1. From the set of residues in region 233-265 that are farther than 30 Å from L107 by Cβ, open to solvent by 30 Å² or more (accessible area, probe 1.4 Å) and not aromatic (F, W, Y), which is modelled with the lowest pLDDT?
2. Here's a check for you: in region 54-72, which residue that is assigned to a helix (DSSP H, G or I) and of a type in the set (V, I, T) is farthest from T231 (Cα to Cα)?
3. Can you confirm whether V191 is open to solvent by less than 30 Å² (accessible area, probe 1.4 Å), among the β-branched types (V, I, T) and assigned to a helix (DSSP H, G or I)?
4. In region 108-148, what residues are closer than 22 Å to D210 by Cα, touching a residue at least 60 places away in the same chain (Cβ under 8 Å) and surrounded by fewer than 16 Cβ atoms within 10 Å (Cβ to Cβ)?
5. Can you name every residue in region 73-111 that is β-branched (V, I, T), part of a strand (DSSP E or B) and under 28 Å from K246 (Cα atoms)?
6. Name the residues in region 36-53 that are part of a helix (DSSP H, G or I) and open to solvent by less than 30 Å² (accessible area, probe 1.4 Å), would you?
7. Of the residues D33, D17, D29, which is buried (at least 20 other Cβ atoms within 10 Å of the Cβ), of a type in the set (D, E) and either at pLDDT 95 or above or out of contact with any helix residue (DSSP H, G or I) (no Cβ under 7 Å at 6 or more places or on another chain) (or both)?
8. May I ask you to list the residues in region 156-182 that are assigned to a loop (DSSP other than H, G, I, E, B) and touching a helix residue (DSSP H, G or I) at 6+ places or on another chain (Cβ under 9 Å)?
Amino acid sequence: MTTNPPPFQFPAPPTLDLSIVIVNFNTRDIVLDCLKSIHAHTEGISFETVVVDNHSTDGSQSAIKTAFPKVTLIENKDNSGFSSANNQAIKIACGRYTVLLNSDTLLTENCFAKIVRYLDDHPKFAILSPEILDSTGVPSPMRLWQDTARDAALKILGQYDPVSEFKKMGVREPREVQAIGGSCFVIRRQVFESTGLLDENYFLYNEEDDFCRRARSLGHKICYFPEANVTHLLGQSTHQPEIRAKVILETYKSNLYFYRKYYSGACNVLLRSLYCLTFVMSILRSLWIRMTGRSTLPAEDSIALKLKLLFMKIP
C-alpha cells in the first residue's frame, strides 16, 4: 500500500533565510570539504547547517564537532535511510528555505545567496535546483521532466543514456520544469506545510522525484536555475564497497515502490518481469566470469545477491 506523508506543521515561524541539510554516512573527508566550501562561499544571507549522521564508523561525528562546532549535528544510532534522515533535519529547520545538499558536493561561488534572492523575487517557484557541475567543472546532464515507465524499462535493461538528457534540457536559462535531481534540492518552507515531508518508504533514491510529483499535484512550481551552480562529485557514499550490496538491494526496493505508486498495474508487471530477466542474465554472467577466472566486482557480480533479488517477496 502506498500513502503520501501528511502536511507538516512547523512549530514556529522561520528565523533564518536558509537551512542547509546534509546527510552523511562514512564520508568524513568529503563532508568536511563540503562544509568548508559552504562557509567559505556563503555570505549575504543568514543560514544554519544541519548534518544528520547515519551511524558513520569513520570518525565523521568527532571530526565535524571539532572542525565545525556551530554546525547542528544529529547522530543517529542506525542508518534509517536518506529520506528519514533528511526529515529529521527538516523538522527542526529554521530557514525560510531548506536545501537538501548531498555530502559529496562543493560550493565554488556564493550560489545560495543567488538562489535566495531569485526565489524572493519569483514567489511562483516553490522548489529549485541550480546547475550541477561534475568534478571537472562541466555541466552534468539533468532530467528536468517526469520519469516514465519507458524510461524505467530502459534503465533496467541498461539502455538509458543520461548523456542524451543534455539535448532535452534545452537552453541554459531559469525556467519552470517538471522535476529536478536531489544533489541540491531547494524547497520553500510552505511546501512542506502542504505537501508533507519526504516519503520514508524510500530508503535511497526516487525520493526527490516523488516529492516533485506530489508538490506539482498541489500546484507548486519547480525551477531550474542555471545562474547558480554546485559541484557534485557523484556517488561517494553509495559506492563504498562495504555497503554496495545494501545500496543495490535498497535501490531495487525503492524502484518497485515508486513504480507501484505512480505507474499502472500493467507497467508494474512488465517492469518487475524485466528486472527478473536482468537478474537471471546477470547470474549467468557472474557464473561465466567465475568459470573463466576473471576478476569480479564483489556486489555487482554477487550471485547470492542476485538470487536474493530474484526471489525477494515485496508487497
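1. So, considering only residues that are farther than 30 Å from L107 by Cβ, open to solvent by 30 Å² or more (accessible area, probe 1.4 Å) and not aromatic (F, W, Y), the one modelled with the lowest pLDDT is A245.
2. Filtering region 54-72 for residues that are assigned to a helix (DSSP H, G or I) and of a type in the set (V, I, T), the one farthest from T231 (Cα to Cα) comes out as T66.
3. For V191, the condition - open to solvent by less than 30 Å² (accessible area, probe 1.4 Å), among the β-branched types (V, I, T) and assigned to a helix (DSSP H, G or I) - is met.
4. Within region 108-148, K124, Q146 qualify.
5. Within region 73-111, I74, V99, T105 qualify.
6. S37, I38
7. Details: D33 fails: buried (at least 20 other Cβ atoms within 10 Å of the Cβ); D29 fails: buried (at least 20 other Cβ atoms within 10 Å of the Cβ).
Testing whether each residue is buried (at least 20 other Cβ atoms within 10 Å of the Cβ), of a type in the set (D, E) and either at pLDDT 95 or above or out of contact with any helix residue (DSSP H, G or I) (no Cβ under 7 Å at 6 or more places or on another chain) (or both) leaves just D17.
8. L157, G158, Q159, Y160, D161, P174, Q178, A179, I180, G181, G182
The values are calculated or read from the model by the stated rules, or taken from the named source; none is laboratory data. These numbers come from a predicted model, not from an experiment. Glycine gets a Cβ as well: all are built from the backbone with ideal geometry, and neighbour counts include every protein chain shown. Quick note on the areas: whole protein, heavy atoms, side chains included, nothing else; ligands and nucleic acids left out. Shrake-Rupley method; radii C 1.70, N 1.55, O 1.52, S 1.80 Å.
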